[in-house]
Amino acid sequence: GYVAERLFVDEEEVRNSPPQFGEYLAGDIKYKDINGDGVIDERDQVPIGHPTTPKIIYGFGASMGWKDMIDFSFFFQGSALSSFWIDYNAMNPFSDTYDGAVGNNALSQFILDSHWSEENRDLYATWPRLSTYGVENNGKRNTWFMRDGSFLRLKSVELGFSMPEKWIKKYHVERCRLYVSGTNLLTFSGFKLWDPEMGGNGLGYPVQRVINAGLQISF
């Protein structure tokens, strides 16, 4: 991918910098001329980040109990050494994501909070200038939108209570167990905008957090 230095500060800097991709303006991503030939093209691409498929997938958990009455179990799942890239074209607000759409994308909060504008020329804002179309220059695979895909998730946890036999024997019940369980309750990640397992498109359907309570009876 391309190494992003920062965002262009103004049109004068755009004119006096090596040519890049398509039509771009102040507030768009400025790339580094790696080979120093005065133009940004495929010869300026370098290895960046890790693969999108994690190099390491791991998990660990435990189960325990007390006097055949209380049982508890949990399982953590994680991945490491992976990268993903925020999908500029999918996330760009006000732009059309399919033929015939008009301003199909909403303005995400993180873009509203940190984007380049004429009033706030933040050269290191999270998002380049806002546009009603996808800017080709900003959509290249680059370090600006590269993020660490590693995470650790509390995938499942369950707590149960089995009633003592003397409580239920007179009701001709062999076993009665109350339990509470949950999945995807906690996620630990350096990426905070959305669930890292969703990858670069934060407008997709997120991983669901589910909590269940139940009663198991055996006669």
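The values are calculated or read from the model by the stated rules, or taken from the named source; none is laboratory data. If you're wondering where the values come from, they're calculated on a predicted model, not measured in any experiment. Every residue, glycine as well, gets a Cβ built from its backbone with ideal geometry; the counts of neighbours run over all protein chains shown. For accessibility, only protein heavy atoms count, side chains too; no ligands or nucleic acids. Shrake-Rupley method; radii C 1.70, N 1.55, O 1.52, S 1.80 Å.
Values as computed for the structure displayed
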item: Output for the stretch 132-147, where each listed residue is farther than 25 Å from S82 by Cα and surrounded by 16 or more Cβ atoms within 10 Å (Cβ to Cβ); result: G134, V135
item: Only one of I168, I211 that is free of Cβ contacts under 8 Å to residues at least 40 places away in the same chain, open to solvent by 60 Å² or more (accessible area, probe 1.4 Å) and touching a strand residue (DSSP E or B) at 6+ places or on another chain (Cβ under 7 Å); result: I211
item: Residue match in the stretch 44-64 (condition: surrounded by fewer than 11 Cβ atoms within 10 Å (Cβ to Cβ), touching an Asp or Glu at 6+ places or on another chain (Cβ under 8 Å), in contact (Cβ under 8 Å) with a residue 24 or more places away in the chain and of a type outside the set (K, R)); result: no
item: Single residue of the stretch 148-164 satisfying the filter (of a type in the set (S, T, N, Q) and in a strand (DSSP E or B)) that is surrounded by the fewest Cβ atoms within 10 Å (Cβ to Cβ); result: S156
item: Scope the stretch 165-194; condition more than 25 Å from V210 (Cα to Cα), not in a helix (DSSP H, G or I) and not charged (D, E, K, R); matching residues; result: H172, V173
item: R175 being over 30 Å from E42 (Cβ atoms), at pLDDT below 95, in contact with a strand residue (DSSP E or B) (Cβ under 7 Å, 6 or more places away or on another chain) and among the charged types (D, E, K, R); result: yes
item: Criterion violated by D68 - all others in (1) of a type in the set (D, E); (2) at pLDDT below 95; (3) farther than 30 Å from E165 by Cα satisfied; result: (3)
item: Single residue of D71, D122 found to be in contact (Cβ under 8 Å) with a residue 12 or more places away in the chain, within 30 Å of D33 (Cβ to Cβ) and open to solvent by less than 70 Å² (accessible area, probe 1.4 Å); result: D122
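Residue by residue, here is whether (1) touching a Gly at 6+ places or on another chain (Cβ under 9 Å); (2) open to solvent by 70 Å² or more (accessible area, probe 1.4 Å) holds:
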| residue | (1), (2) |
| --- | --- |
| Q20 | no, no |
| I29 | no, no |
| D33 | no, no |
| E42 | no, yes |
| F76 | yes, no |
| I86 | yes, no |
| M91 | yes, no |
